[in-house]
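Below: the structure, in structure tokens.
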Amino acid sequence: ETLYERALELRKAAAEADSESILPLAWSCCKLADFHTQRKGAGKREKAIALYEQDYRRAMEERYLTVDETTLEYLRLIIKQQGFDKDDPDIVQKIAAYIQNSATYNLAYDQNLDREPNVALAFLGAYKEGVCRHFATAATVLLRAAGIPARYVEGYTIPTSSGTTIVR
């Protein structure tokens, strides 16, 4: 078995694995491809890396487009009512504006929202108020329902005295 064949096997394994496994496998492929390049030339290395990148992008799109069926059904109604179109170059800004205008930011929001089985639907439908994580959750699932890969993360920024910003 050549290193290139091993890289192709890793590619196949990555395609069959969950998306959490793809990054280490892609790194392994690149390491094998680097070694292969030193011994055999660059052509196969580029092919192996291109195949991994293609698989990684596909897996990430699949992962970050996932929305449960109940949520998807409700969000499709919103998408239709608002006229959101995935091909619109301003779709992300339009969805952000919709989410911002759909609820009120309130630190004293009804804490029962956090116990709802579907926080995004409850936030957009019944509660209409919440904090950052509620807005972010609703935006993430609405973007996904519109066909735009999105993920939810939490963090904060710290402005420094030198004028730069630290992101955590």
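Details
- Taken together, the residues in region 100-157 that are more than 24 Å from Lys80 (Cα to Cα) and among the charged types (D, E, K, R) amount to 6.
- Condition check for Tyr98: over 20 Å from Arg144 (Cα atoms) and modelled with pLDDT of 95 or more: no
- Unique residue being in a helix (DSSP H, G or I) and among the hydroxyl-bearing types (Ser, Thr, Tyr) when the list is Tyr152, Tyr98, Tyr109: Tyr98
- In region 116-143, residue surrounded by the fewest Cβ atoms within 10 Å (Cβ to Cβ) [restricted to those that are farther than 11 Å from Asn106 by Cβ and of a type in the set (D, E, K, R)]: Arg133
- Within region 65-89, the set of residues being surrounded by fewer than 10 Cβ atoms within 10 Å (Cβ to Cβ), modelled with pLDDT of 95 or more and assigned to a loop (DSSP other than H, G, I, E, B) comprises Gly83 only.
- Residue count for region 63-80, restricted to those that are of a type in the set (D, E, K, R) and either in contact (Cβ under 8 Å) with a residue 60 or more places away in the chain or within 13 Å of Ala150 (Cβ to Cβ) (or both): 2
- Checking each residue in region 144-157 for being surrounded by 13 or more Cβ atoms within 10 Å (Cβ to Cβ) and small (Gly, Ala, Ser) picks out Ala145, Ala146, Gly147, Ala150.
- If only residues of region 112-147 that are small (Gly, Ala, Ser) and in a loop (DSSP other than H, G, I, E, B) are counted, the one that is farthest from the chain's Cα centre (by Cα) is Ala146.
- Yes/no for Tyr52 being open to solvent by less than 40 Å² (accessible area, probe 1.4 Å) and not in a loop (DSSP other than H, G, I, E, B): yes
- Cβ pairs under 8 Å, 6+ apart, first in region 117-134 and within 11 Å of Thr71 (Cα to Cα) and without any contact (Cβ under 8 Å) to a residue 12 or more places away in the chain, second assigned to a loop (DSSP other than H, G, I, E, B) and open to solvent by 30 Å² or more (accessible area, probe 1.4 Å): Ala122/Glu116
The values are calculated or read from the model by the stated rules, or taken from the named source; none is laboratory data. Note that the structure is a prediction, hence the values are computed from the model and not measured. Positions of Cβ are generated from backbone atoms using ideal geometry, with glycine treated the same way; all protein chains shown enter the neighbour counts. Note: areas computed on protein heavy atoms with side chains; ligands, DNA, RNA excluded. Shrake-Rupley method; radii C 1.70, N 1.55, O 1.52, S 1.80 Å.
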